Amino acid sequence: KADTEAAFSRGAEHARKQMIGMVGQDQLVFFFPKGIKVRRELQNSHSSYWAEGFPDEPWLAEDLDNMRKSHVYVAEGESDALRLWYEMEKDECVISIPSASWTPSPEMCFRIGAYRTVILCFDGDEAGRKATKKIGDLLKQHAPKSELLRLEMPDGQDVCSLEEKEFKKILDNPVKFA
């Protein structure tokens, strides 16, 4: 929640247009092209549910069509995507997959792979590692010209759980996807 609010305050204007913000004291609402995701903030975690539909493409996928940028960061969650914006020195393309179990279509792989460099930014847990492998393999198959990198998250950590210094070190040293 704090990282999400910090990203808003730093001017993630495009993200603000895609998200209606807080509902009550503890719920964030994210609009996807074909669904609405509600995230409820709990004391030390969160829970999410789909209020309507289920998306077949990432949050902020329309940014993939903005080819003025050379990199695309693919995050495992909306808050992680906002944290990436918060930490970036330049305005890069950042999208968020709907969930770690999501599988992109060949068309979506082509859209993501149209960028010179794709950086996968998934959680350091079993689901995140499986998603990195699955999506990385699909991108290699459907978009072989892109340089494919990944951020190596420590076990049990994600983009939002890392301290700023540790996250900057990881962000500045992506690992080649093998």
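Give me the accessible area of His142, 1.4 Å probe, in Å² rounded to the nearest 10.
Surface accessible to solvent at His142 totals approximately 60 Å².
With N set to the residue count of the stretch 46-178, report its C-alpha Rg divided by 2.2 N^0.38 Å to two decimal places.
Working: Rg = 13.7 Å, N = 133, 2.2 N^0.38 = 14.1 Å.
So the Cα radius of gyration is 0.97 times the expected 2.2 N^0.38 Å.
Hey, got a sec? Which trypsin sites (Lys or Arg not before Pro) in the stretch 45-149 land in a DSSP loop and have at most 15 other Cβ atoms within 10 Å?
Sparse-neighbourhood loop trypsin sites (Lys or Arg not before Pro): Arg68, Lys90, Arg116, Lys145.
Classify the stretch 22-108 as rounded, prolate or oblate, taking a ≥ b ≥ c as the square roots of the eigenvalues of its Cα gyration tensor: rounded when a/c is under 1.5, otherwise prolate if a/b is larger than b/c and oblate if not.
It is oblate, given that a/c is not under 1.5 and a/b is not larger than b/c.
So if R0 is 22 Å, what FRET efficiency would Lys140 and Asp65 give, r being the distance between their Cβ atoms, rounded to the nearest 0.05? Before the final figure, lay out the partial values.
Working: r = 22 Å, r/R0 = 1.00.
The value I calculate is 0.50.
Given points 7 Å out from each Cα along the Cα-Cβ axis, report the Ile36 to Lys130 separation in nanometres with one decimal.
Distance between the two pseudo-spin positions: 3.0 nm.
With 24 Å as the limit, write out which pairs from Lys140/Lys176; Lys37/Lys140; Lys69/Lys168; Lys140/Lys168 have Cα-Cα distances beyond it, or answer none.
Working: Lys140/Lys176 12 Å; Lys37/Lys140 29 Å; Lys69/Lys168 20 Å; Lys140/Lys168 26 Å.
Pairs exceeding the cut-off: Lys37/Lys140; Lys140/Lys168.
For the stretch 52-91, what class follows from the C-alpha gyration tensor (a ≥ b ≥ c being the square roots of its eigenvalues): rounded when a/c is under 1.5, otherwise prolate if a/b is larger than b/c, else oblate?
oblate
At 1.4 Å probe size, with the rest of the protein present, what percent of the exposed accessible area of the stretch 114-178 is carbon and sulfur atoms?
On the way: 1820 of 3730 Å².
Percent of accessible area from carbon and sulfur atoms in the stretch 114-178: 49.
Which value, in Å to one decimal place, does the Kirkwood hydrodynamic radius take for the stretch 95-156 when every pair of different Cα atoms is included?
Averaging 1/r across every pair of different Cα atoms and inverting gives 11.7 Å.
Rounded to a whole number, what is D in µm²/s for the stretch 64-135 from Stokes-Einstein with the Kirkwood radius over alpha-carbon pairs (4 °C, 1.567 mPa s)?
This corresponds to a translational diffusion coefficient of 104 µm²/s.
Would you please give the residues with an amide H less than 5 Å from that of Gln27, counting only those at least 5 places away or on a separate chain, with H modeled from the backbone geometry?
Here Glu41 satisfy the definition.
The values are calculated or read from the model by the stated rules, or taken from the named source; none is laboratory data. Please read all numbers here as calculations on a predicted model, not as lab measurements. When we count neighbours, we look across all protein chains shown, and the Cβ atoms used for this are built from the backbone with ideal geometry, even at glycine. With ligands, DNA and RNA removed, areas are computed over all heavy atoms of the protein, side chains included. Shrake-Rupley method; radii C 1.70, N 1.55, O 1.52, S 1.80 Å.
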